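Single-structure report; data block below.
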Amino acid sequence: SSTAIGGFASVTPSNQGPQELGIGAVSAQSSSTTENNSSSGGAVIFPNQTTQTGQNVTVSNVTLPDGGFVAIHGSDYTAGIVDNSLITTSSYLSPGSHQNVTVPIETGVPGKYENESKLNGTEELTARLYTDSNDNQHFDYLLSSEDDAAYENESGSITDTSEVVVPGTRGSPS
C-alpha cells in the first residue's frame, strides 16, 4: 500500500482493501468507453463517475508490469492532442495491479505551463498508462522527449475513456 506524497494519489494494491485519501468523494457509475484498455503490457479501467468537488478522479484498476504512472488527459486527447491534453498524473505506482487509484486534479503535470485546480463540469477524460523508463519515480514525459513513454500494445497506447460529472457545474445533469 502506498501513501500520499506531496498531494499525489493514494494507491491500494489489489491484494488489500480500498483506502480512502483525497479531498472530494468520488462514486463510480456505469462502465466507461473502453477502447484499448488492456494487454500483457498493462491494463486500465476508468469508469464513468461523479465527483462531488471536481478535485479527484478514481481509476478503478491499473496494471503496470514494470511500474509507472496513470495520467489523466482532457477531452482533447480523443482528438489526437496528447501533450496539451494532460491534466494530472498519479504518483509512481510499483509494478503490479492497483485498485481504486485516486488521482488529485490539482497535482498537475511536471513541465506543463498551466495546471488545473479542479474539474468544472462534465468532462470526457482519458486515463493513459506511462512507464518510468528512467527509474527515477518521477513523471518526466513532458520534461524529456525520451523518458516515461506511454505503455503500448499492438493497437497503440493503453487507455480508457470515461465521463466525469461534477454536480452543479456547467454541463452537469440536472
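The values are calculated or read from the model by the stated rules, or taken from the named source; none is laboratory data. From a predicted model like this one, the values you see are computed outputs, not experimental measurements. Because the Cβ atoms are built from the backbone with ideal geometry, glycine has one as well, and the counts that use them run over all protein chains shown. All accessible areas refer to the heavy atoms of the entire protein, side chains included, with ligands and DNA or RNA removed. Shrake-Rupley method; radii C 1.70, N 1.55, O 1.52, S 1.80 Å.
Against the test of being surrounded by 20 or more Cβ atoms within 10 Å (Cβ to Cβ), in contact with a Gly (Cβ under 6 Å, 6 or more places away or on another chain) and part of a strand (DSSP E or B), the options Leu119, Leu129 yield a single qualifying residue, Leu129.
Quickly run through the range 98-114 and pick out the residues that are surrounded by fewer than 16 Cβ atoms within 10 Å (Cβ to Cβ) and either in contact (Cβ under 8 Å) with a residue 60 or more places away in the chain or touching a Gly at 6+ places or on another chain (Cβ under 9 Å) (or both). Those that are surrounded by fewer than 16 Cβ atoms within 10 Å (Cβ to Cβ) and either in contact (Cβ under 8 Å) with a residue 60 or more places away in the chain or touching a Gly at 6+ places or on another chain (Cβ under 9 Å) (or both): Glu106, Glu114.
Looking only at residues that are of a type in the set (Ser, Thr, Tyr) and part of a loop (DSSP other than H, G, I, E, B) in the range 38-86, which one is nearest to His98 (Cα to Cα)? Filtering the range 38-86 for residues that are of a type in the set (Ser, Thr, Tyr) and part of a loop (DSSP other than H, G, I, E, B), the one nearest to His98 (Cα to Cα) comes out as Ser40. Here is the figure for the range 115-174: residues that are more than 21 Å from Gln55 (Cα to Cα) and without any contact (Cβ under 8 Å) to a residue 24 or more places away in the chain total 10.
For the range 40-65, a residue qualifies if it is open to solvent by 40 Å² or more (accessible area, probe 1.4 Å) and modelled with pLDDT under 95, and the qualifying residues are Ser40, Gln52, Thr53, Gln55.
Please verify whether the range 150-172 includes one or more residues that are of a type in the set (Lys, Arg) and either closer than 30 Å to Pro65 by Cβ or in contact with a Cys (Cβ under 8 Å, 6 or more places away or on another chain) (or both). No.
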